[in-house]
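What follows is a single structure, written as structure tokens, with notes after it.
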Amino acid sequence: IDQMAFNGLSSLNFSDPNAIPRILAIVDLEGFDYYQLGSPENLKFILQKFTFFAPAITKYVNVAYMVNTNFLAQTVINLLKPVLGEALSRFEVHGTNKVKWLSQLSQKLPNDQIPE
């Protein structure tokens with residue numbers, strides 16, 4: 001997770017000190033084992049990482065689309081949005097119905113920017 005964040009932030013162009021790069025991300029949770037969230041240690045780890053990265057998310061992320069999110073995770077994320085603040089409000093959560101979320105993302109993004 002740290003390496004991914006480091007690589008992502010390192011790839012941003014900071015040549016203009018007045019410009020703030022805006023990240024648009026697609027987070028695909030297909031195949032994620034939600035059973036891992038049942039472990040208090042794993043949940044603590046995820047919350048610590050999110051809290052650590054929250055300032056960078058707030059500053060640099062315009063929107064993050066989460067796709068293939070099961071009903072339980074979708075509900076938990078939506079319930080936590082008011083609690084975890086502005087950073088989590090940048091996340092737009094979509095379920096597992098690919099036809100539905102692909103249609104919604106196609107309205108917001110160029111089709112060549114949406115991975116298969």
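The values are calculated or read from the model by the stated rules, or taken from the named source; none is laboratory data. Computed from a predicted structure; not experimentally measured. A quick note on method: Cβ atoms are made from the backbone with ideal geometry, for glycine too, and the neighbour counts reach across all protein chains shown. Calculation scope for accessible area: heavy atoms of the full protein, side chains included, ligands and nucleic acids excluded. Shrake-Rupley method; radii C 1.70, N 1.55, O 1.52, S 1.80 Å.
Please enumerate the residues belonging to the stretch 1-29 that are at pLDDT 85 or above and either touching a Ser or Thr at 6+ places or on another chain (Cβ under 8 Å) or in a helix (DSSP H, G or I) (or both).
GLN3, LEU29
Counting only residues that are within 16 Å of GLU30 (Cβ to Cβ) and exposed (fewer than 13 other Cβ atoms within 10 Å of the Cβ), which one in the stretch 71-97 is modelled with the highest pLDDT?
So, considering only residues that are within 16 Å of GLU30 (Cβ to Cβ) and exposed (fewer than 13 other Cβ atoms within 10 Å of the Cβ), the one modelled with the highest pLDDT is ASN97.
What pairs come out if I take residues in the stretch 33-45 that are modelled with pLDDT of 75 or more and pair them with residues that are open to solvent by 70 Å² or more (accessible area, probe 1.4 Å) whose C-beta lies under 6 Å away, six or more apart or interchain?
Going by the 6 Å Cβ cut-off, the qualifying pairs are ASN42/GLN36.
Tell me, which helices (runs of 4 or more DSSP H) wholly within the stretch 30-116 include 3 or more residues that are out of contact with any helix residue (DSSP H, G or I) (no Cβ under 6 Å at 6 or more places or on another chain) and under 23 Å from LEU9 (Cβ atoms)?
Working: elements: 40-60, 71-84, 86-89, 98-108.
Filter on the stretch 30-116 gives 40-60.
Which members of the stretch 13-33 meet the condition of being surrounded by 13 or more Cβ atoms within 10 Å (Cβ to Cβ) and more than 15 Å from the chain's Cα centre (by Cα)?
Within the stretch 13-33, PRO21 is the sole residue that qualifies.
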